[in-house]
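Report on one structure; see the data block that follows.
Every number in this text was worked out from the coordinates using simple rules, so none of it is lab data. In this text, all values refer to a predicted model and were calculated from it rather than measured experimentally. Backbone-built Cβ (ideal geometry, glycine too); neighbour counts: all protein chains shown.
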Amino acid sequence: MNAETIKAWFASHQHHWKRVFIGLGIVISIIQFLRIIRSTPGDFPLHWKSGEMLANGVFLYRENFNYPYPPFWGYVHSVLADISMQSAYLLMYPLFFMALGVLIWCLDRLCNTHFPLKRNAVFWTAVIAIALSSRFLVRDMLECGVNLVLVALSWLSIYLWREKREFLGSLFLGFAMALKCTPSLFWAYFIFKREWKMAAFTFVAAVFFTLSPMFKLGYSEFKLTFTWWGNNVLRGLGETDPSRGISGEVPLSNMSLKPALARYVMHLPAEHNARIDSPLYIEFLNFAPQTAGRIVKGMMLFFLGFVFWRFRGRIQSRDEEQVLWECGAISMLILLYSPVTWGQHCVGIFPGVYLLIRSSISKGHFTKPLKMSIGVFAFVVLVLNRTFIGKHFTELIDTYHLPTLTFVGIVLFLMNRHRQIIQSHQSVVPFLESESHPDSTSRAKEQRAA
């Protein structure tokens with residue numbers, strides 16, 4: 001049975017497959033909902049507690065002095081303080097599906113010009129992207145989709161900026177920045193691209209939302225709370241040992257780039273919680289922690305500089321295809337450069353994966369490198385987990401930070417698509433210029449003869 005036969009068979013039964021995938025999604029959603037009813041498996045209780053503390057005038061960082069979220073995060077959750085934690089947990093669960101719907105809608109609208117698809121193909125594009133991101137999406141269900149909300153807000157702001165509605169777009173991006181610092185990389189992107197209006201509006205919105213807890217706390221209490229949080233963040237960022245972060249030792253589940261690089265340039269202490277006692281645990285370079293820290297920072301700065309150097313061109317039209325690839329890469333860089341990247345945070349890969357899948361389906365061609373990379377990604381991220389290989393081997397594989405390396409691979413694919421678009425424009429423009437001036441060559445010859 002060849003590939004064309006399989007495609008024809010699938011096309012003739014796709015209505016049945018639609019029901020299967022929709023039914024599977026409903027089943028997973030119900031299972032996660034039942035888990036929330038029976039227990040509190042996510043971090044939502046911690047977020048609800050921060051809202052209750054802020055609403056009752058209790059110092060936000062008293063019980064958890066290294067709590068990484070800014071005061072505005074607790075301020076937003078304080079609206080839930082008047083209802084029980086369990087009721088609030090169940091009430092906020094649909095937020096995940098709302099955020100996913102908004103994100104897919106934004107991506108579809110942004111892609112319509114360059115990657116047009118019929119409605120049926122759009123559905124399957126979303127299904128493939130959801131399937132490849134499912135490990136992280138399912139995990140974020142237990143957080144009521146708060147991380148997916150941040151991604152959706154960022155891409156909604158990009159869509160509104162494209163539609164020249166900077167004021168409204170800046171409110172969404174500023175709100176996301178006040179909730180968590182990592183979406184600020186999109187703000188840096190707008191500054192880098194000299195989109196001053198969007199950057200200025202976003203800055204004002206972010207400052208307003210960041211200072212808004214002052215309405216509840218008062219100036220003195222807010223200053224104390226914000227200063228405590230800021231000092232804690234700066235202390236974590238200033239740590240010279242790359243195996244340590246804002247909360248002390250970086251745990252094995254942290255998928256950011258810093259601990260992944262540290263794993264290969266230093267030996268973790270014997271008592272470190274990201275180290276496993278196994279003959280399959282192989283160590284590589286053995287620099288001192290401070291030296292390793294300088295090496296890791298240098299590599300991260302070089303990679304970030306390289307990415308932005310490749311994106312250095314000014315935006316001529318907000319509907320340019322390269323803007324999509326640049327924003328997809330920014331979403332991935334947020335995960336890699338965040339000091340703390342848990343599995344639920346990795347829903348940020350969805351836009352980049354969606355763009356790669358959609359462009360390939362729209363053009364009717366999946367390149368061989370992309371096919372192979374999708375297979376590797378699915379194997380590393382979806383197959384090598386506890387369900388199939390058990391807890392011990394999952395943790396052993398995680399010590400090599402393979403999912404983080406696949407994230408770097410996605411960035412490289414997005415940059416390659418961006419490079420192809422730039423090269424195609426550079427080859428087309430001279431051709432158009434020569435076509436628009438057919439006598440330019442003859443005039444040049446006459447001038448040389450004279």
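Looking at the chain, identify the longest residue range that excludes and avoids all trypsin sites (Lys or Arg not before Pro) in DSSP loops having at most 11 other Cβ atoms within 10 Å.
Values: sites that count: Arg62, Lys118, Lys164, Arg194, Arg312, Arg314.
Here the longest segment lacking exposed loop sites spans 315-450.
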| Which distance in Å, rounded to a whole number, links the C-alpha centroids of region 86-129 and region 384-404? | 29 Å
| In the set [x] 10; [y] 33; [z] 18, which value of percent of Cα pairs over 43 Å apart was calculated from the structure you see? | [z]
| message | Need one number: nm distance between label points at Trp105 and Leu224, each 7 Å from Cα along Cα→Cβ, rounded to one decimal. | response | 4.3 nm
| message | Apply the a/c threshold of 1.5 to the C-alpha gyration tensor of region 273-391 and tell me whether it is rounded, prolate or oblate. | response | oblate
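Given 0.36 nm per residue, what is the gain on full extension from Gln316 to Ile28 after removing their alpha carbon distance, in nm?
Working: separation 288, 0.36 × 288 = 103.68 nm, distance 4.37 nm.
Gain in length upon complete extension: 99.3 nm.
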| Looking at region 194-286, which GluC sites (Glu not before Pro) are DSSP coil and have at most 14 other C-beta atoms within 10 Å of their C-beta? | Glu271, Glu283
| request: Treating only the Cβ atoms of Lys and Arg (+1) and Asp and Glu (-1) as charged, compute the dipole magnitude of the chain about its Cα centre; round to the nearest 20 debye. | output: 780 debye
| query | So which chymotrypsin sites (Phe, Trp or Tyr not before Pro) in region 25-128 pass both tests, a DSSP loop state and at most 15 other Cβ atoms within 10 Å of the Cβ? | reply | Phe59, Phe65
| Roughly how many whole Å is it from the C-alpha centroid of region 233-304 to that of region 343-371? | 29 Å
| remark: For region 41-430, whose charge dipole is built from +1 on Lys and Arg Cβ atoms and -1 on Asp and Glu Cβ atoms, the candidate among Leu396, Leu237, Val347 with its Cα farthest towards the positive end is Val347
| remark: Note on region 71-131: alpha-carbon gyration tensor, axes a ≥ b ≥ c; rule is a/c under 1.5 for rounded, else prolate if a/b larger than b/c, else oblate; result prolate
| query | Taking 0.36 nm per residue of separation and subtracting the Cα-Cα distance, what length does fully extending Phe302 through Ser278 add? | reply | 5.3 nm
| remark: Relative contact order of the chain (C-alpha contacts under 8 Å, at least 6 apart) in percent is 17 percent
| field | Order of Asp140, Asp398, Asp43, Asp82 - criterion: other Cβ atoms within 10 Å of each residue's Cβ, fewest first | value | Asp82, Asp43, Asp398, Asp140
| task | Could you list, in their original order, any pairs among Lys18/Lys363; Lys18/Lys368; Lys118/Lys363 whose Cα atoms are separated by more than 20 Å? | result | Lys18/Lys363; Lys18/Lys368
| request: Would you work out which of Leu370, Phe175, Ala292 lies farthest towards the positive end of the dipole of region 41-430, given +1 charges on the beta-carbon of Lys and Arg and -1 on that of Asp and Glu, about the Cα centre? | output: Leu370
| field | Helix axis angle, 402-436 relative to the chain longest principal axis, alpha carbon, degrees | value | 30 degrees
| request: Would you mind computing, in nm to one decimal, how far apart the modelled labels at Arg62 and Ile397 are, each placed 7 Å from Cα along Cα→Cβ? | output: 4.5 nm
